[in-house]
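Novice: So that we are looking at the same thing, I have put the structure below in structure tokens.
The values are calculated or read from the model by the stated rules, or taken from the named source; none is laboratory data. What you see is a predicted model; the values in this text were computed from it and never measured. Glycine also receives a Cβ, built like all others from the backbone with ideal geometry; neighbour counts cover every protein chain displayed.
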């Protein structure tokens, strides 16, 4: 597990009206949730077709919180922080509406995701507002870490 990355399994509360999933909160308490210390903005990102890849980039200051609200996705992360004990470590995470999880990505960690189903939707929360004139991001190609996207039979 990459240092400072969190994968938080979320609880779905179900009753006869439907369901509710708490994704993140400003202050802690109760079940494990990501604590958002600073808030910038929220995006809803949709991929129409399974196999769509959005990768890779990292931030210098910005934290990301990712939640798959519909469909499923494979996330791949790589620690690029030279002062981190997990520098160079690569990890993959599967999240879906059937296994609700919050993925917390700190600055300095490359990250990307691939839709595993058609019409996959992700809620992305960022600690900072995106600055189009001076974006806090470093982008590299989706194959920069080799063949990390192929779904292999088991």
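Novice: Pull up segment 28-60, narrow it to residues that are surrounded by 12 or more Cβ atoms within 10 Å (Cβ to Cβ) and modelled with pLDDT under 70, then point me to the one that is nearest to residue 110 (Cα to Cα).
Specialist: Once the filter is applied, the top-ranked residue is 34.
Novice: Out of segment 108-134, which residues are within 30 Å of residue 22 (Cβ to Cβ), modelled with pLDDT of 95 or more and out of contact with any strand residue (DSSP E or B) (no Cβ under 7 Å at 6 or more places or on another chain)?
Specialist: The one that is within 30 Å of residue 22 (Cβ to Cβ), modelled with pLDDT of 95 or more and out of contact with any strand residue (DSSP E or B) (no Cβ under 7 Å at 6 or more places or on another chain): 118.
Novice: Another question, if that's okay. Please enumerate the residues belonging to segment 75-100 that are in a strand (DSSP E or B), surrounded by fewer than 20 Cβ atoms within 10 Å (Cβ to Cβ) and touching a residue at least 60 places away in the same chain (Cβ under 8 Å). Lay out the reasoning, then the answer.
Specialist: The first filter runs over segment 75-100 and keeps only residues in a strand (DSSP E or B), leaving 75-79, 90-96.
Okay, now just the ones that are also surrounded by fewer than 20 Cβ atoms within 10 Å (Cβ to Cβ), so 90-94, 96.
Hits for segment 75-100 are 91, 93.
Novice: Report, ordered by the first and then the second residue, all pairs with beta carbons closer than 6 Å, sequence separation of six or more or different chains, a first member in segment 107-118 that is over 15 Å from residue 59 (Cβ atoms), and a second member that is part of a loop (DSSP other than H, G, I, E, B).
Specialist: Note: pairs meeting the criteria are 114/149; 115/50; 115/52; 116/50; 117/50; 117/71; 118/49; 118/50.
Novice: Just one of the numbered conditions (1) in a loop (DSSP other than H, G, I, E, B); (2) closer than 19 Å to residue 2 by Cα is not true of residue 153; which one?
Specialist: It fails just one condition, (2).
Novice: Follow-up question, since we're still on this one. Can you tell me how many residues within segment 13-26 are farther than 21 Å from residue 74 by Cβ and part of a strand (DSSP E or B)? Outline the logic, then answer.
Specialist: Going through segment 13-26, the residues farther than 21 Å from residue 74 by Cβ turn out to be 13-20, 22, 24-26.
Checking which are part of a strand (DSSP E or B) leaves us with 13-15, 18-20, 24-25.
Final tally of qualifying residues: 8.
Novice: Given the conditions (1) farther than 25 Å from residue 129 by Cα; (2) at pLDDT 95 or above; (3) outside any strand (DSSP E or B), and given that residue 1 satisfies all but one, which numbered condition is not satisfied?
Specialist: Among (1) farther than 25 Å from residue 129 by Cα; (2) at pLDDT 95 or above; (3) outside any strand (DSSP E or B), residue 1 violates only (2).
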